[in-house]
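Colleague: Structure incoming, see below.
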Amino acid sequence: MPRQLLALIVLAVVAPGSEGAFRCGTALISEDAWPVEVEERCGSPDYIAEYPSATVPGLGIVQTEAHWYYNPGPQRFIRRLVFRNGKLARIDTLGYGFTVSDAPSCTPSILRHATNEYELIARCGEPISKRMHWQTSSLRKRAETWQTLRPVLIQEWLYDFSNNQFRQVVTLKNGQVVDIESRK
């Protein structure tokens with residue numbers, strides 16, 4: 001009985017602190033952290049993507065979003081840290097990490113296995129061109145209240161393989177690959 005009680009106490013103390021947290025070595029990073037705190041504890045991220053997330057006519061960009069990617073290698077999961085206006089807002093666990101080549105060599109088959117913006121850059125390099133827009137859904141009334149929906153960042157990245165292969169257009173939603181199509 002004392003062991004079970006001790007286990008419950010440890011679980012009660014540890015569980016709330018680990019929700020929405022990211023472990024870097026011995027440091028624990030939780031939501032609301034500043035970017036400089038994350039970098040001090042975890043080192044520089046493997047990739048950073050920054051986007052405007054809200055604009056006001058006459059003022060310009062009033063809110064930004066940054067995606068920081070940490071790739072610990074093939075035996076552990078990639079983490080994406082989402083910062084909004086300089087504050088850690090969300091920590092996402094992505095697929096397994098991978099070994100990054102010094103000289104990315106991309107083919108359409110490698111491109112088709114990428115799942116996020118960091119993987120595309122690490123495996124295939126920068127695209128030859130990018131498009132970006134925001135997609136908003138219409139407001140819906142739900143249970144006598146209006147449901148507010150956040151706009152979704154949509155990007156199209158164009159890759160050219162130049163050796164008699166079609167160009168490839170990769171569509172990303174909030175940094176995740178959702179579609180790849182050939183362009184003639």
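Readers should treat all values here as calculations from the given coordinates under stated rules, not as data from a laboratory. Since the structure is predicted, the reported quantities are computational estimates derived from the model, not experimental observations. A quick note on method: Cβ atoms are made from the backbone with ideal geometry, for glycine too, and the neighbour counts reach across all protein chains shown.
Colleague: Could you quote the convex hull projected area for the stretch 21-99, Cα atoms only and averaged over all directions, in nm²?
Modeller: On the way: hull surface 21.6 nm².
Averaged projected area of the stretch 21-99's Cα convex hull equals 5.4 nm².
Colleague: What is the sum of charges, Lys and Arg at +1 and Asp and Glu at -1, for the other residues whose Cβ falls under 11 Å from the Cβ of Glu181?
Modeller: Details: positive: Arg112, Arg167, Arg183, Lys184; negative: Glu156, Asp179.
It works out to a net charge of +2.
Colleague: Taking a ≥ b ≥ c as the square roots of the Cα gyration tensor eigenvalues, with a/c under 1.5 meaning rounded and otherwise prolate when a/b beats b/c, else oblate, which class fits the stretch 55-130?
Modeller: On the way: a/c = 3.09, a/b = 1.53, b/c = 2.02.
Because a/c hits 1.5 or more and a/b fails to exceed b/c, the stretch 55-130 counts as oblate.
Colleague: Which order do the peptides 99-111, 82-94, 24-36 take when ranked by the mean count of other beta-carbon atoms within 10 Å per residue, highest first?
Modeller: Numbers: 99-111: 11.6, 82-94: 15.3, 24-36: 13.2.
For the peptides 99-111, 82-94, 24-36, the packing ranking is 82-94, 24-36, 99-111.
Colleague: To the nearest 0.05, how large is the calculated FRET efficiency for Phe161 and Asn85 if R₀ is 30 Å and r is the Cβ-Cβ distance? All intermediate terms of the calculation are to be shown ahead of the outcome.
Modeller: Working: r = 38 Å, r/R0 = 1.28.
Calculated transfer efficiency: 0.20.
Colleague: Still on this structure, please answer the following. How do Asp160, Asp179 line up, fewest other C-beta atoms within 10 Å first? Present the calculation step by step, with values, prior to reporting the outcome.
Modeller: On the way: Asp160 14, Asp179 10.
So the residues, fewest neighbours to most, are Asp179, Asp160.
Colleague: Ok, one more. Quick one: net charge around Leu81, please, counting Lys, Arg +1 and Asp, Glu -1 for every other residue with C-beta under 13 Å from its C-beta. Don't jump to the answer; show the numbers that get you there.
Modeller: On the way: positive: Arg23, Arg41, Arg79, Arg80, Arg84, Lys87, Arg90; negative: Glu31, Asp32, Glu37, Glu39, Asp46, Glu50, Glu65, Asp92.
Value of the local net charge: -1.
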